[in-house]
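Colleague: Just dropping this structure here.
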Amino acid sequence: MRRLELAGLARKLYPQDCLLCSGASPEQAICDGCLQVLPSPEEACPVCALPSPGQRTCGRCLAHPPYFSRTLAAWTYEFPVDRLIQAFKFHHRLELAPWFAQSLARLLDFPDPLIIAMPLHKRRLAERGFNQALEIARHVAEIAGGKVLHSAVHKYRATRLQSELPLDARVRNVRDVFRCAEPIRSNKVVVVDDVMTTGATLNELARTLKQAGASQVVNLVVARTLPRGERRAPTAR
Ligand SMILES: [Zn+2]
Ligand SMILES: [Zn+2]
């Protein structure tokens with residue numbers, strides 16, 4: 001399965017078949033067998049979703065509490081979840097949005113969430129043609145009964161890819177990139193994003209939302225990137 005290339009994956013994308021193994025899966029994008037071997041977070045810090053024994057708040061979050069209060073992650077950003085997200089984002093496999101949303105909605109433990117999708121700068125939006133986080137957020141709202149606040153927050157400055165930058169530059173790179181156009185009148189705001197890498201961008205968005213009136217920000221992400229050294233060996237199949 002590791003040798004599976006994106007092109008091969010794309011050829012296998014038929015609505016009635018599992019996107020990963022091409023086996024029959026009439027009800028959902030990923031069949032039950034594949035679902036069981038997808039990499040999911042085990043014991044994780046409730047705040048940042050990185051591995052933490054006993055699910056305790058980790059030392060990093062205790063020493064430097066972020067602006068968000070929780071992070072709910074469906075999967076870890078490893079094979080084959082990484083391939084699914086890349087197919088969705090870069091190869092327009094939009095039929096994955098409802099499946100990602102299902103994986104996220106089952107993590108929500110409170111009703112009627114007010115949802116904000118991680119904004120995309122207009123240049124990036126023009127290149128890609130859609131905001132992947134918004135596509136997922138819309139489906140989460142349909143399933144979980146919440147509401148998506150569409151135009152409240154904008155990313156008004158394009159940023160360099162966080163993954164290209166050293167750690168200390170990542171915070172500077174995202175500082176003040178968001179503007180909230182209206183006050184947020186909600187205790188709890190759910191921010192939907194596809195991948196959480198360092199968390200610097202989500203933290204900056206949470207800071208902006210709290211300035212605008214949100215009292216609590218919960219991240220809801222499809223996949224959490226694990227730090228080097230904490231990635232698990234792929235499950236043998
Ligand atoms: Zn399958
Ligand atoms: Zn933490």
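The values are calculated or read from the model by the stated rules, or taken from the named source; none is laboratory data. For clarity, every value in this text was computed on a predicted model and none was experimentally measured. Every residue, glycine among them, receives a Cβ derived from its backbone with ideal geometry; neighbour counts consider all protein chains shown. Heavy atoms of the whole protein, side chains included, go into the accessibility calculation; ligands, DNA and RNA do not. Shrake-Rupley method; radii C 1.70, N 1.55, O 1.52, S 1.80 Å.
Colleague: Has the range 203-221 got any residue that is in contact with a helix residue (DSSP H, G or I) (Cβ under 6 Å, 6 or more places away or on another chain), open to solvent by 30 Å² or more (accessible area, probe 1.4 Å) and at pLDDT 90 or above?
Modeller: Of all residues in the range 203-221, those in contact with a helix residue (DSSP H, G or I) (Cβ under 6 Å, 6 or more places away or on another chain) come to 204, 217, 219-220.
Going one step further and asking which of them are open to solvent by 30 Å² or more (accessible area, probe 1.4 Å), we end up with none.
Among the residues of the range 203-221, not one is in contact with a helix residue (DSSP H, G or I) (Cβ under 6 Å, 6 or more places away or on another chain), open to solvent by 30 Å² or more (accessible area, probe 1.4 Å) and at pLDDT 90 or above, which makes the answer no.
Colleague: Does residue 112 satisfy being loosely packed, with under 11 Cβ neighbours inside 10 Å, outside any strand (DSSP E or B) and at pLDDT below 95? If you could, list the steps in order and put the result at the bottom.
Modeller: On the way: loosely packed, with under 11 Cβ neighbours inside 10 Å: no; outside any strand (DSSP E or B): yes; at pLDDT below 95: yes.
No.
Colleague: Filter the range 157-213 for residues that are part of a helix (DSSP H, G or I) and hydroxyl-bearing (Ser, Thr, Tyr) and give the result.
Modeller: If we filter the range 157-213 for residues that are part of a helix (DSSP H, G or I), which is where we start, we get 162-164, 167-174, 200-211.
Passing the criteria: 163, 201, 208.
Colleague: Considering only the range 115-162, state which residues are modelled with pLDDT of 90 or more, of a type in the set (A, V, I, L, M, F, W, C) and out of contact with any helix residue (DSSP H, G or I) (no Cβ under 6 Å at 6 or more places or on another chain).
Modeller: Those that are modelled with pLDDT of 90 or more, of a type in the set (A, V, I, L, M, F, W, C) and out of contact with any helix residue (DSSP H, G or I) (no Cβ under 6 Å at 6 or more places or on another chain): 116, 120, 125, 126, 130, 133, 134, 137, 141, 149, 153.
Colleague: Would you check if residue 150 is over 19 Å from residue 226 (Cα atoms), open to solvent by 40 Å² or more (accessible area, probe 1.4 Å) and either in contact with a strand residue (DSSP E or B) (Cβ under 6 Å, 6 or more places away or on another chain) or hydroxyl-bearing (Ser, Thr, Tyr) (or both)?
Modeller: Working: over 19 Å from residue 226 (Cα atoms): yes; open to solvent by 40 Å² or more (accessible area, probe 1.4 Å): yes; either in contact with a strand residue (DSSP E or B) (Cβ under 6 Å, 6 or more places away or on another chain) or hydroxyl-bearing (Ser, Thr, Tyr) (or both): no.
No, not satisfied.
Colleague: So, one more: Among the residues of the range 44-83, how many are assigned to a loop (DSSP other than H, G, I, E, B), buried (at least 21 other Cβ atoms within 10 Å of the Cβ) and more than 16 Å from ligand 2 (Cβ to nearest atom)?
Modeller: Total satisfying the criteria: 1.
Colleague: Tell me, which residue of the range 32-43 that is open to solvent by less than 20 Å² (accessible area, probe 1.4 Å) and either in contact with a strand residue (DSSP E or B) (Cβ under 8 Å, 6 or more places away or on another chain) or within 12 Å of ligand 2 (Cβ to nearest atom) (or both) is farthest from residue 67 (Cα to Cα)?
Modeller: In the first step, residues of the range 32-43 are kept if they are open to solvent by less than 20 Å² (accessible area, probe 1.4 Å); the result is 34, 38-39.
Still in the list and also either in contact with a strand residue (DSSP E or B) (Cβ under 8 Å, 6 or more places away or on another chain) or within 12 Å of ligand 2 (Cβ to nearest atom) (or both): 38-39.
Values: 38: 29, 39: 27 Å.
Here the answer is 38.
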